[in-house]
Every structure is written in structure tokens, then in C-alpha cells.
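A short write-up of the structure that comes next.
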Amino acid sequence: MKYIERITVSSNICHGKPCIRNMRWPVEVVLDMLGAGMIIEQIIEDHPELEKEDIYACLNYAKLYLSGMSIQEVA
């Protein structure tokens, strides 16, 4: 599975924000935790429903978003 496939968008979940695997975990929240200085292991320890690949998917999504690509273009 490509990391980006872990990022889902549904109008029924978090008002259509990109989330992790259809859970109520918006990409922006994970990026905020990383930006606050948490390391991947801390995030997973605090939130065991998340996996390391989910964190990588959020970072990959942010990179693609900033480069002007969308999930649909890379899926």
C-alpha cells in the first residue's frame, strides 16, 4: 500500500478534511503534533490506533499538497 492511500477524504468525516484511514484523525492534527516536537514513537504511544505508516502518509500528503498535487492525481 502506498502511504498516500492511507489518507482519505469524506464529507461525512471531519467536514471533508483529509484524514487518516477514514478515522477522525485529520492530517493537520498529526502535523501539528510533529510541529510541536513530538516524535513518531510518542504519537503512537499516546494514540495507539495510529501506525507509523499513518504519520509518514501525513508527511507525504503535506509534501504533495505544497507541490500543488492532489490525492486524486497520485492515487
Subject >> Equivalent ellipsoid, the chain (semi-axes from 5 times Cα gyration tensor eigenvalues, Å) >> reply: 19, 14, 11
Original post:
Can you put Cys14, Cys58 in order, fewest other beta carbons within 10 Å first?
Top reply: Cys14, Cys58
Subject >> Nearest-ten-degree value, helix 52-66 long axis tilted from longest Cα axis of the chain >> reply: 50 degrees
Original post:
What is the fewest-to-most order of Asp54, Asp46 by other Cβ atoms lying within 10 Å of their Cβ?
Top reply: Asp46, Asp54
Original post:
If you average the sequence gap of Cα pairs under 8 Å that are 6 or more apart and divide by the length of the chain, what percent do you get for the contact order?
Top reply: 31 percent
**OP:** Loop only per DSSP, at most 11 neighbouring Cβ atoms within 10 Å: give me the GluC sites (Glu not before Pro) in the chain, ordered by residue number.
**Re:** Glu49
Original post:
Would you list His15, His47 from fewest to most Cβ contacts within 10 Å?
Top reply: His15, His47
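Values in this text are rule-based calculations from the coordinates and carry no lab data. This one's a predicted model, so the numbers in the text were calculated from it and none came from an experiment. Neighbour counts are summed over all protein chains in view; Cβ atoms, including those assigned to glycine, are modelled from backbone coordinates with ideal geometry.
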